[in-house]
1. Could you check the spin-label model distance between Ser141 and Lys326? Points 7 Å from the Cα along Cα→Cβ, value in nm.
2. Looking at the chain, send over the antiparallel percent of its DSSP beta bridges, to the nearest 5.
3. Any idea what Rg and Dmax come out to for segment 245-309 if you just take the C-alpha atoms, in Å?
4. Cα to Cα, under 16 Å, and not fewer than 8 places away if on the same chain: which lysines meet these conditions relative to Lys300?
5. Radius of gyration and Dmax for segment 103-248's Cα atoms, expressed in Å?
6. In 10 Å bins starting at zero, report the fraction of Cα pairs in segment 155-220 per bin as a rounded %.
7. For segment 80-155, state what percent of all Cα-Cα pairs lands in each successive 10 Å bin, counting from 0 Å until the bin that includes the largest distance.
8. Report Rg/Rh for segment 10-82, rounded to two decimals, where Rg is the Cα radius of gyration and Rh the Kirkwood radius.
Amino acid sequence: MIDNSLIEKIASIDWEFSDADTQYLTHNIHRYSGKFIPQIAQQAIQLLTNPGDTILDSYMGSGTTLLEAQLSNRNAIGIDLNPLAVLISQVKNLRVSEDVLNDIATILIPYVSDLNSNGQLSFTSQTTHDDFIQEQFNRNSWRLTDVWNQKWYQPAVLEQLVKIYSCIEILPSECAKQIAQVAFSDILRKSSNASSKYPNVMYDKNHKEKPLPAKAFLENIHSIISCLSKLADATTGANVNIQILQGNNLDLPLPNASVDAIITHPPYIAAVPYAEYGCLSLNWFGHDSKALDSELTGGKRHSSKVVDNFSADYEQYFRESYKVLKHNKYMFIMVGNPVSHGQKIPLDQMSVEFAQQAGFRHISTAIRKGQNRRGNKMGEEYLIFFQKE
Ligand SMILES: C[S@@+](CC[C@H](N)C(=O)[O-])C[C@H]1O[C@@H](n2cnc3c(N)ncnc32)[C@H](O)[C@@H]1O
């Protein structure tokens with residue numbers, strides 16, 4: 001049964017959001033390439049779901065859909081293969097207590113402030129924290145002579161990074177540590193010898209001396225604390241459940257017919273190499289960015305078979321999505337048509353074809369020109385609506 005009023009509403013929306021603020025609350029706590037504009041996720045949520053529903057974003061990325069879901073009183077499940085995406089999403093969606101933020105302010109920040117002003121960790125009080133930080137520093141000192149770290153960080157920068165990272169360990173809760181890790185992850189790139197001209201992590205042969213990172217870390221952590229306080233205020237009394245999982249969406253750990261909507265944003269084939277862009281953070285936190293790249297849908301971008309590999313996964317993705325969506329409910333995706341090995345690939349058509357093969361009905365496609373993005377290399381983007389029949 002086709003809902004004609006839904007089709008009319010989709011057509012009446014201006015999907016450009018040219019002047020919209022896209023950075024409110026926690027949306028901008030960490031850089032992540034290829035993010036949704038939050039207003040797009042929000043519109044899809046309003047069109048396709050009701051308060052109390054459960055939304056799945058199985059290409060979750062940095063958790064934009066999840067945040068918009070909780071702001072609209074919807075439950076949400078997010079899944080991504082990339083551990084960095086999972087970490088950012090977790091923090092972006094935290095309804096955090098004052099106690100956790102106080103722990104960061106009173107335990108971690110004083111140590112890093114000392115480091116910033118004196119260049120040293122001051123162990124004046126000989127508290128158990130001092131001993132613990134020293135222990136963590138000893139445990140992490142292998143990083144100072146590690147070949148990868150020596151390539152990407154100048155010696156003084158690296159030493160300060162190891163000190164900040166050791167201080168994070170003194171935080172008493174996992175949640176406080178995750179917040180600090182996001183602030184830390186975001187400075188790795190800026191403090192590194194990677195060129196700032198490209199989004200790829202490319203070694204800059206002419207790199208200059210980099211500023212020590214404690215100052216940037218403090219700015220980040222203060223900004224995240226402020227964003228999280230605002231989020232806590234904005235979600236006071238909300239009774240929603242947000243679940244964030246690391247995993248492959250080709251094999252969803254969810255019961256059949258269990259979600260009320262799928263609202264998601266697949267990779268535009270290999271347009272954004274997520275593992276490569278995040279390799280400094282991934283490798284610091286002990287993940288293998290190359291192994292991740294080969295698992296991602298759209299990974300191994302230099303392979304001549306990149307489009308074939310992507311298609312095989314993407315076809316399976318629609319079959320898997322069909323299984324977990326409830327009957328008569330909707331799926332929304334946004335895609336652009338990228339150029340791969342010199343050829344424009346019609347990912348919009350591919351998406352419709354695979355979705356129909358999996359059993360979905362194609363309801364409508366809206367088009368946006370993407371005027372609100374910095375690097376508009378993709379041209380138009382397609383907002384595609386399906387229904388499970
Ligand atoms: C376009 S991004 C999503 C961005 C997101 N909308 C946001 O606002 O941050 C696509 C995401 O798909 C993830 N991904 C790619 N292949 C995947 C797979 N097979 N299973 C789960 N996630 C995958 C990537 O790690 C990336 O984070």
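Rule-based calculations on the coordinates, nothing more; no lab input. This one's a predicted model, so the numbers in the text were calculated from it and none came from an experiment. Glycine gets a Cβ as well: all are built from the backbone with ideal geometry, and neighbour counts include every protein chain shown.
1. 5.9
2. That works out to approximately 55 percent antiparallel.
3. 14.0, 39
4. Lys290
5. Every Cα atom of segment 103-248 included, Rg and Dmax give 17.0, 53 Å.
6. Final binned percentages: 21, 47, 26, 6, 0.
7. Binned Cα distances yield the sequence 14, 28, 40, 17, 0.
8. So for segment 10-82, dividing Rg by the Kirkwood Rh gives 0.95.
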